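Beneath this line is the structure, given in structure tokens, with notes to follow.
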Amino acid sequence: MRHCHRRAPFLFFNGNTFADVGRQIVAALFADLPTARRREVMSAVAHYIAGVLPWEPMVEIVESLCESADLKPGDRVKTLRGTTRGVILRKLEDGRLVWQVDGSGTELISLPEGLIPERAQ
């Protein structure tokens, strides 16, 4: 689809048109992912198609969001968008995770699908 977008078959909105087609295909292919993760995958693919995200980062984003993480206390995590990082403190009986934000004493509670493991650089 990126190739189709670059050929510019329409007078206006080529990027938006093909990015939306890509989002719809991704929505169908990744229907089994939790909603938040599926939306992030859709966004990454659409940004790639529109030409604002290179191939390698797009693949890394999609792969990390598709991992079914078995998060446990002590694991380093980040939010789906990567804006907040921290460490898992404990797992609650209902499956939610209590985690502490880096650089503060703030504890947050999140569903496992709202966090991704932070890979060591």
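The values are calculated or read from the model by the stated rules, or taken from the named source; none is laboratory data. All values reported here derive from a predicted model rather than from experimental measurement. Don't worry about glycine lacking a Cβ; one is built from the backbone with ideal geometry, like all the others, and counts go over all protein chains shown. What goes into the accessible areas is simple: the full protein's heavy atoms, side chains included, and nothing from ligands, DNA or RNA. Shrake-Rupley method; radii C 1.70, N 1.55, O 1.52, S 1.80 Å.
Quick one: with all protein chains in place, what share of the accessible area of the chain is carbon or sulfur, to the nearest percent (1.4 Å probe)? Don't skip to the end; give the middle numbers.
Working: 4220 of 7670 Å².
Carbon and sulfur: 55 percent of the exposed surface of the chain.
Express the relative contact order of the chain as a whole percentage, based on alpha carbon pairs under 8 Å and six or more residues apart in sequence.
On the way: 172 pairs, mean separation 22.6, N = 121.
Relative contact order, the chain: 19 percent.
Would you mind calculating the gained length between Thr83 and Val52 on full extension (0.36 nm times residue separation, minus the Cα-Cα distance), in nm to one decimal? Could you put the intermediate results ahead of the total?
Working: separation 31, 0.36 × 31 = 11.16 nm, distance 1.91 nm.
So the chain would gain 9.2 nm between Thr83 and Val52.
Could you pull out every residue, at least 5 positions away or on a different chain, whose amide H is within less than 5 Å of the one on Asp75? Hs are placed 1.01 Å off N in the peptide plane, and Pro or chain starts have none.
Those qualifying (amide H under 5 Å, at least 5 residues apart or on another chain) are Ile88.
Could you derive backbone 3J(HN,Hα) for the stretch 18-32 from the dihedral phi with the Karplus parameters 6.51, -1.76 and 1.60 (θ = phi - 60°), listing whole Hz in sequence and x where the residue is Gly or Pro?
6, 5, 5, 4, x, 4, 5, 5, 4, 4, 6, 5, 10, 4, 7
Expected output is a single nm value to one decimal: the length gained when fully extending between Asp102 and Gln24, i.e. 0.36 nm times separation in residues minus the C-alpha distance. What is it? Let's see the in-between values first.
Values: separation 78, 0.36 × 78 = 28.08 nm, distance 3.57 nm.
Stretched fully, the Asp102-Gln24 segment lengthens by 24.5 nm.
With viscosity set to 1.002 mPa s at 20 °C, what whole-number translational diffusion coefficient in µm²/s follows for the chain from Stokes-Einstein and a Kirkwood radius over Cα pairs? Before the final figure, lay out each step's value.
Values: Rh = 15.8 Å.
For the chosen part, D equals 136 µm²/s.
As an exercise, identify the GluC sites (Glu not before Pro) in the stretch 24-121 lying in DSSP coil whose Cβ has no more than 11 other Cβ atoms within 10 Å. Spell out each step's value before the answer.
On the way: sites: Glu40, Glu60, Glu63, Glu67, Glu93, Glu107, Glu113, Glu118; in loops: Glu67, Glu93, Glu118.
Listed in order of number, the matching sites are Glu67, Glu93.
Sketch the reach of a paramagnetic label on Glu60 as a point 7 Å from Cα along Cα-to-Cβ, and name the residues of the stretch 100-121 whose backbone nitrogen lies under 19 Å away.
Backbone N within reach: 115-121.
Nearest 10 degrees, 0 to 90: what angle lies between the long axis of helix 35-50 and the longest principal axis of the chain (Cα atoms)?
The angle comes out near 40 degrees.
Give the accessible surface of the chain per residue, rounded to a whole number of Å², with probe radius 1.4 Å and ligands, DNA and RNA excluded.
I get 63 Å² per residue for this part.
If you plug each phi of the stretch 54-59 into the Karplus form 6.51 cos²θ - 1.76 cosθ + 1.60 with θ = phi - 60°, what whole-Hz ³J(HN,Hα) values come out, in order, with x for Gly and Pro?
Taking θ as phi minus 60°, the curve returns x, 4, 4, x, 5, 4 Hz for the stretch 54-59.
Please give the charge dipole size of the stretch 34-86, origin at the Cα centre, charges +1 on K and R Cβ atoms and -1 on D and E Cβ atoms. Round to the nearest 20 debye. Intermediate results must be reported in sequence, preceding the final value.
Values: 8 positive and 7 negative charges, 59 e Å.
The dipole of the stretch 34-86 has a size of about 280 debye.
Which order do Trp55, Trp99 take by accessible area at a 1.4 Å probe, largest first?
Values: Trp55 135, Trp99 5 Å².
Sorted descending by solvent-accessible area, the residues read Trp55, Trp99.
Around Leu53, which amide H atoms from residues at least 5 apart in sequence, or from another chain, sit under 5 Å from its own amide H, with H modelled in the peptide plane?
Result for Leu53 returns Tyr48.
Dipole of the stretch 14-102, Cα-centred, from +1 at each Lys and Arg C-beta and -1 at each Asp and Glu C-beta, to the nearest 20 debye?
Values: 12 positive and 12 negative charges, 60 e Å.
The calculation lands at about 280 debye.
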